[in-house]
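The values are calculated or read from the model by the stated rules, or taken from the named source; none is laboratory data. Computed from a predicted structure; not experimentally measured. So basically every Cβ, Gly included, is an ideal-geometry build from the backbone, and we count neighbours across all protein chains shown.
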């Protein structure tokens, strides 16, 4: 169960990171509310997962999922260019996350 919650929390990290970029310094309320809700849920899920998983593993997986999804979303929406280099390095992050799960 901790792994499922951790993955969902990682997805929510991408949500709050993306929403934060759209708040324009917290001057736009819809993305600000989304940011706050996703942040609290993401941190709560991470804290829950850390009850059963080592801190280093949980945090690394959480950050990895959030980072990859944030970049993939930005590339999918055209906010960031898609390059072979980025795809290679994102694949490396995903491989690291999978490796941490397998090593656990």
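Points worth noting:
- Condition met for residue 101 (modelled with pLDDT under 95 and surrounded by 12 or more Cβ atoms within 10 Å (Cβ to Cβ)): yes
- Residue list for segment 5-20, restricted to those being surrounded by fewer than 18 Cβ atoms within 10 Å (Cβ to Cβ) and either more than 22 Å from residue 79 (Cα to Cα) or at pLDDT below 95 (or both): 7, 8
- Of all the listed residues (33, 88, 37, 15), the sole one being part of a helix (DSSP H, G or I) and touching a residue at least 24 places away in the same chain (Cβ under 8 Å) is 15.
- When residue 38 is tested against (1) within 26 Å of residue 99 (Cβ to Cβ); (2) surrounded by 14 or more Cβ atoms within 10 Å (Cβ to Cβ), exactly one condition is not met: (1).
- Test: residue 62 is in contact with a helix residue (DSSP H, G or I) (Cβ under 7 Å, 6 or more places away or on another chain), assigned to a helix (DSSP H, G or I) and within 19 Å of residue 77 (Cβ to Cβ): no
- Matching residues, segment 53-84, being surrounded by 15 or more Cβ atoms within 10 Å (Cβ to Cβ) and either over 26 Å from residue 4 (Cβ atoms) or free of Cβ contacts under 8 Å to residues at least 24 places away in the same chain (or both): 59, 71, 72, 75
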